[in-house]
Every structure is written in structure tokens, then in C-alpha cells.
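Report on one structure; see the data block that follows.
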Amino acid sequence: MSHHIIDFKDVHFAYPDRTEALSGISFRITHGESVGIVGANGAGKSTLISHMNGYLMPAKGRIIIGDAQLDKTTRSDIRKKVGVVFQNPDDQLFMPTVFDDVSFGPLNLGLSEERVIERVNEALNTVGCYDLKDKPPHRLSLGQKRAVSIATVIAMQPDILVMDEPAANLDPKSRRQLINLLKEFKHSKIIASHDLDLILDVCERCIVIGAGKVRADGPAGEVLLNEKLMKENNLELPLSLQRR
């Protein structure tokens, strides 16, 4: 299933002020993998996420999504394969009601009204928010907004789900609901987060980013338990693994 593959090959990127955010990133994610991306503030996680469906384009190197190399001519098709949930749910919720927000993507795919309604209902049921479909997004709690923003992406039925800090500012109950939801998503998923316990709980593989480079890549349990590696990259062990 090559359409589920993400392949970064020596990817470089610098911002207009010449700050180098990615300095030769290479990795390959295949069908069904659950991969955590971790690193200290400024390590390059969000920049990396923004390259996965062409919100940012590499200055050097290649990004392969499925069978296609990411460029300006393939970006539109690739965005149908790679669904990105941003850190701030307000960046994805802009319509009068939850139903309108979740239906926005499927409508733009040209689906019939009947099929759009099916997709919206399926997505909202998946995140446990069907009862919110007629509510205005600005009236929702942060946890509800986060769930609905995930529904907007799930409704597009992407091959690959990418999330940037999905658990940020969630209360314990909402965080647990999010973890359960992510465990049920069977396609490839990539999660960038400071919440190392979430990564340990949800992801089988972990990539550590530091100063725009891959510093480690391996089984999540091994990588996140490596105290020396964590310290070298200004990280701490997951709370559940720290000695008390």
C-alpha cells in the first residue's frame, strides 16, 4: 500500500530570516505505522509537520508521499492523502456550526449531499461528538474543539493522519479520550508532541528531532527510556518512567 508511505530524503528548510529549521532530515514511514515525533522547543517538529502535506516546501531534498514526489503540481492531491490536525483547533474551525466545519472538506471533494452527510455523521460519531453537530464551534470547550478538529480531518478519509501537539491543554478526561481515539485509527499516523507519555501510549516508533536533525529513530519504548539520549536533546523521561 504505497499510498500510505511518507519518505523524507535529506530535507532542508530555512525561514526567511535564514534560521535553519531542518538540516538534512531523512526517514521513511510505511503503512500502518504509528510514529511519535519528539524534541525540545525549536527542534523543528512543527516545521517538519508542515512539510508533510506541502504547507511548507523543502529548500533542498525530496519528500515522497505514496507514489508522488511533493511539489507544487502534486500538493493538491497529496493533501487529500495526508490529513493534518494543527495544534490550535481554532485554525481549523471557522464555520457557523460543527456540522458545517466537518462537511467543508467532503463538500470540496465534490461528494453528493447524501455521502457528505454520511461522512460527517461517521466522523462525529468516531470522536464522540455527534450531539454537538448543530452547535457553534466557539461555544465548545477546548477538548470538544480538539475532537471536532480531528473529525474535520477524518471526514476526508485520509490515508495518513498527522497531528501537532494534539493533547496540549487538555484535561485528563479529554486526554484519555484522545488517546483511545488515536489507538483506534488504523492507518499510518504521525504525532508530534511534548507529551512523551502520550507518545509512549499511542506510538510504536519514536523519532527524536534536535536542531533540525534526526537524533534517534527506533521503538518508542527503547528511545524514550534512554535517559542519556533524552538529556542530550533537552528532554526528560516520560513521567510514567521517571524514578520516584
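The values are calculated or read from the model by the stated rules, or taken from the named source; none is laboratory data. All values reported here derive from a predicted model rather than from experimental measurement. Cβ coordinates were reconstructed from backbone atoms using ideal geometry, including for glycine residues, and neighbour counts include every protein chain displayed.
Do we find a residue being over 19 Å from Ala40 (Cα atoms), crowded, with 22+ Cβ neighbours inside 10 Å, of a type in the set (Ser, Thr, Tyr) and out of contact with any Leu (no Cβ under 7 Å at 6 or more places or on another chain) anywhere in the range 149-168?
yes
Being surrounded by 20 or more Cβ atoms within 10 Å (Cβ to Cβ), at pLDDT 90 or above and either among the basic types (Lys, Arg) or within 26 Å of Ala147 (Cβ to Cβ) (or both) is the requirement here; does Met52 meet it?
yes
Pairs only if they're at least six apart or on different chains, beta carbon under 8 angstrom, first in the range 112-125 and within 24 Å of Gln177 (Cβ to Cβ), second among the hydroxyl-bearing types (Ser, Thr, Tyr) and in a helix (DSSP H, G or I); list them, first residue then second.
Arg119/Ser103; Val120/Ser103; Asn121/Tyr130; Ala123/Thr152; Leu124/Tyr130
Kindly check whether there is at least one residue in the range 216-225 that is of a type in the set (A, V, I, L, M, F, W, C) and more than 25 Å from Val11 (Cβ to Cβ). Lay out the reasoning, then the answer.
Of the range 216-225, the ones of a type in the set (A, V, I, L, M, F, W, C) are 216, 220, 223-225.
From what's left, more than 25 Å from Val11 (Cβ to Cβ): 225.
Scanning the range 216-225 turns up at least one residue that is of a type in the set (A, V, I, L, M, F, W, C) and more than 25 Å from Val11 (Cβ to Cβ).
Show the residue pairs meeting these rules: Cβ distance below 7 Å; 6+ apart or different chains; first residue within the range 132-152 and in contact (Cβ under 8 Å) with a residue 40 or more places away in the chain; second residue of a type in the set (D, E, K, R) and crowded, with 19+ Cβ neighbours inside 10 Å.
Short answer, once both residue conditions are applied: Pro137/Asp101; Pro137/Lys145; Val148/Asp101; Thr152/Asp101.
Name the residues in the range 199-219 that are closer than 19 Å to Gly44 by Cα, touching a residue at least 60 places away in the same chain (Cβ under 8 Å) and not basic (Lys, Arg), would you?
Listed by number, the residues that qualify are Ile199, Cys206, Ile207, Val208, Ile209, Gly210, Ala211, Gly212, Val214, Asp217.
What number of residues within the range 58-70 are over 18 Å from the mean Cα position of the chain (by Cα), under 9 Å from Asp7 (Cα atoms) and either hydrophobic (A, V, I, L, M, F, W, C) or crowded, with 16+ Cβ neighbours inside 10 Å (or both)?
Adding up the residues that qualify gives 0.
Only one residue in Ser103, Ser46 is part of a helix (DSSP H, G or I), among the polar types (S, T, N, Q) and at pLDDT 95 or above. Which one?
When all the criteria are applied, what remains is Ser103.
Against the condition surrounded by fewer than 22 Cβ atoms within 10 Å (Cβ to Cβ), on the phi < 0 side of the Ramachandran plot and at pLDDT below 90, how does Thr73 come out, does it pass?
In short, no.
Return the pairs, sorted by first residue and then second, in which the second residue is of a type outside the set (A, V, I, L, M) and assigned to a strand (DSSP E or B), the first residue lies in the range 10-29 and is free of Cβ contacts under 8 Å to residues at least 40 places away in the same chain, the beta carbons are less than 8 Å apart, and the residues are 6+ apart or on different chains.
Pairs found: Arg28/Asp7; Arg28/Phe8.
Within the range 154-181, restricting attention to residues that are in contact (Cβ under 8 Å) with a residue 60 or more places away in the chain and not in a loop (DSSP other than H, G, I, E, B), which residue is nearest to Arg119 (Cα to Cα)?
Filtering first and then ranking leaves Ile154.
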